[in-house]
1. Of the residues Ser11, Ser39, which single one is within 18 Å of Ile276 (Cβ to Cβ), modelled with pLDDT of 85 or more and of a type in the set (Gly, Ala, Ser)?
2. Quick test for you: out of Leu246, Leu217, pick the one residue that is at pLDDT 90 or above, within 26 Å of Arg321 (Cβ to Cβ) and not aromatic (Phe, Trp, Tyr).
3. Has the stretch 269-291 got any residue that is outside any helix (DSSP H, G or I), of a type outside the set (A, V, I, L, M, F, W, C), in the same structural domain as Arg327 (by TED's automatic domain parsing) and surrounded by fewer than 14 Cβ atoms within 10 Å (Cβ to Cβ)?
4. Suppose we filter Ser77, Ser104 for residues that are in a helix (DSSP H, G or I) and among the small types (Gly, Ala, Ser); which single one remains?
5. Which residues, taken from the stretch 107-134, are part of a helix (DSSP H, G or I) and small (Gly, Ala, Ser)?
6. Right, Lys333: at pLDDT below 95, basic (Lys, Arg) and surrounded by fewer than 16 Cβ atoms within 10 Å (Cβ to Cβ) or not?
7. Only residues in the stretch 274-303 that are farther than 15 Å from Lys322 by Cα count as the first member; pair them with residues that are part of a helix (DSSP H, G or I) and of a type in the set (D, E, K, R), Cβ under 7 angstrom, at least 6 apart or cross-chain, and list the lot.
Amino acid sequence: MGLWADIKHTSGQFQWLHCCVTVTMLLGCQPQAAEAPFSDYLSRLSLALSVATPDTPPAAPLLPSTLADIRLSIPTSNLDSLDFLSVRGCAVLTNIRKRSTGLSRQAKPSQRLLMTLEFLRLAPTCIRQLHNENNTTLADRLQSFTVEQRGQLPALIFNATLGSEEYRAFWLPKSAPGAYPRAHHSDSLAALHAINHHADHWLRGDYRTPERGFELLLGDVAGGEGGVILQALSEQGDHLADADLLVQRHIRLESRCRIHASFNASRDLTMRILEIFNANVAPFTVWMSERHKALAAPILDLESQLATILPSVYRQWIILRKSRAARGMSAPKKHMSQLMRLTDGCAIE
């Protein structure tokens, strides 16, 4: 029973390691990056099991949908600024005049959003003024346009955020820097949360814009490592699937556990492999999982806020992205289960 207790004890090591690595991260000592932990582990596992490493082609990088496919079409309907020439003292008139220019029609989605937010912020005061001056015709026109602009706001937010060049750049596969994950773009996470905060307020009728420019926040998002994490998780899933194959081949090829000594050998082999895995691979997998969860949370939150207007192509991207990440994050636990099979069927005589 003591031997089996030792083996069963190892199945809880990954949960224990998760806590230890989390503490380590808080102390500022992240595990090493890159593909080295996996390739080294596969080599050592192949040697320990006396099985050749499989030559599995890597999965193709997962690319986000192109902007042309996902960007929402929003009709442009501008007020005629000539109708407001006689009106004095309305701050929103400057906004209306800007909308009537050709440049406004070519504006980036972020600029169009900011222009709309400015209009929605300033229009109510002008509407009240027009009513006070008994100019109900213009007041009603301005009110009607305000309702239309408010209805377009979710689509405008989508185009300026999830459907923007910057958010697409966030998810594009990139080469991890040499010091990654010890060195990563921490500003991107703060920017994602800040944009979500403002989007929530805009959708609830608070049309103020961030003190720190919205364009600057988008720039921080573009420099983030969503694509790095997603690609790393994809490679993690591939490498550990190869490791699972090594274990399965060893089990098929070896006739084990016929004598007492075979059990001890299998137990010792399993323990040695677990030590290698926990020392060299598990810290990296735990860190990548935690980082992905942190970065994905604000993305998922914004997608939830805009769920009713998400285009079908974008919804498909969500499904593919979640599937690729889930495969990578579940691979370590699955591999631990495979390692425990090395002693399956063993019995002490």
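The values are calculated or read from the model by the stated rules, or taken from the named source; none is laboratory data. Quick caveat: nothing in here was measured; it's all calculated off a predicted structure. Please note: Cβ atoms are built from the backbone with ideal geometry, for glycine as well, and neighbour counts cover all protein chains shown.
1. Ser39 is the lone residue from the list that is within 18 Å of Ile276 (Cβ to Cβ), modelled with pLDDT of 85 or more and of a type in the set (Gly, Ala, Ser).
2. Values: Leu246 fails: within 26 Å of Arg321 (Cβ to Cβ).
Answer to the selection: Leu217.
3. No, the stretch 269-291 has no match at all.
4. Ser104
5. Ser110, Ala123
6. So Lys333 fits the description; yes.
7. Listed by first residue and then by second, the contacts come to Ile276/Arg44; Asn280/Asp40.
Here is a yes/no grid of residues against (1) of a type in the set (Phe, Trp, Tyr); (2) under 27 Å from Ile309 (Cα atoms); (3) touching a helix residue (DSSP H, G or I) at 6+ places or on another chain (Cβ under 7 Å):
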residue	(1), (2), (3)
Pro54	no, no, yes
Pro58	no, no, yes
Phe84	yes, no, yes
Ala91	no, no, yes
Arg97	no, no, yes
Thr101	no, no, no
Pro109	no, yes, yes
